[in-house]
Structure formats: structure tokens, C-alpha cells
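So the structure is just underneath, and the comments pick up after that.
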Amino acid sequence: MASELVSAAHGLTSRVAGRRRAASDDLIRTLSALPRDSRTFGLIHGDIGVGNFCVDERGGITLFDFDEAQYSWFVEDIALQLYYLVYVYGGEDGQAYREDQARRFMKHFMRGYLLEHALDDEWLGRIPLFLRLRELIVYIGSFRSWDGDETFGSSDNQWFKDWIAESKARIENGIPIVNIWT
């Protein structure tokens, strides 16, 4: 597969059991079938988060830390930023807050993004797929950090346990962490 991230997720899903495995395989098949052309696919940063850019006094943004740069669909870079903005809010109240934050972020982010790169509504509508991919990768990373203990029983971090439970349910049911496109 062309996307290193999709390939990595495919290799890692062998450690995820049951419904999460089936949902993960389905997601990876869907992503693998997406078109790859110069308008939609190319080199992305792969890790644009608050620790990987700075803003100068004139508002100019400089990216750094390119260790996760890869070839993928451009919307993946958008989904990555959106995921890491909203994943910290859990529970029923958290869902409403995530959706509100996502709408506000996308309104302002896309205003700037579209000045630099054209992206049609069809591709914006695919962002939920990439949110699901990011959640799968973060879940698998957590799973590996706990030596395959999918109960995460030795963790005393209640936020983490709650996030894991919500994440499992979203992965199993093919639900993105936010879906403001429906």
C-alpha cells in the first residue's frame, strides 16, 4: 500500500481481537481503495500538533519535527490535527464539546488551508475515515504500551480507562470521534 500509515495499521491490527479487528480490516480496505492523485495524495507532515509548530510575531507558522512525514492523502493531515484537538473530551458531555470544538476548528483552519491547497467537499467528507484511522493507531499504540493487556487493568488513570472504553466502542462500530459532516 502506498500509505505507510495504512500499512502500519494493517500490520498492527493482527494484535487487536474480535470486532475491533473486523472493523479495522474494513477501514483499511476502504482507505486502500481511495484514489491517489497529485490533487489528493502526496507528502504530508503526519504529526502537526501543538508541539510541532511555532507562530512568529507576524502570525507566520513554521512546522518542524518531520520524523512522521509520509506519503498519504492530504486530508489525513487535517484529521490528525482535529483528532488531537478533541480526543481529550470524554463522556456524553464530552461528545457535545468535541463536536463544538471540531466545528470551530474546521471553520478557521479550512479558511487558511484552502488559501494554499484546493480540496473539494468529497474529500472533506472523507475526514471521518481518517479520524477512525487515527483512533485505531492511537488505540493500538496504547495496547502495545501495555504489553497486549487489553483490559489496561494495571492503569490507575481513570481518564485513560474511560478513553479506552469509548475508543473500543467507536472502533468496533466504525464511528469517528467526531462527525460534523453529516
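Assorted remarks:
- The helices (runs of 4 or more DSSP H) falling completely within the stretch 19-131 that include 1 or more residues that are of a type in the set (Ser, Thr, Tyr) map to 74-86, 91-116.
- Boolean, Gly174 is at pLDDT below 85, closer than 24 Å to Gly46 by Cα and either basic (Lys, Arg) or within 14 Å of the chain's Cα centre (by Cα) (or both): no
- Residues of the stretch 70-89 that are in contact (Cβ under 8 Å) with a residue 60 or more places away in the chain and buried (at least 18 other Cβ atoms within 10 Å of the Cβ): Gln70, Ser72, Trp73, Glu76, Leu82, Tyr83, Val86, Tyr87.
- Tally of residues being over 17 Å from the mean Cα position of the chain (by Cα) and farther than 23 Å from Leu124 by Cβ across the stretch 38-53: 0
- Some residue of the stretch 54-62 being within 19 Å of the chain's Cα centre (by Cα) and either modelled with pLDDT of 90 or more or among the hydrophobic types (A, V, I, L, M, F, W, C) (or both): no
The values are calculated or read from the model by the stated rules, or taken from the named source; none is laboratory data. The structure presented is a predicted model; accordingly, all values stated were derived computationally and were not measured. All Cβ positions, even for glycine, are placed from backbone atoms using ideal geometry, and neighbour counts span all protein chains on display.
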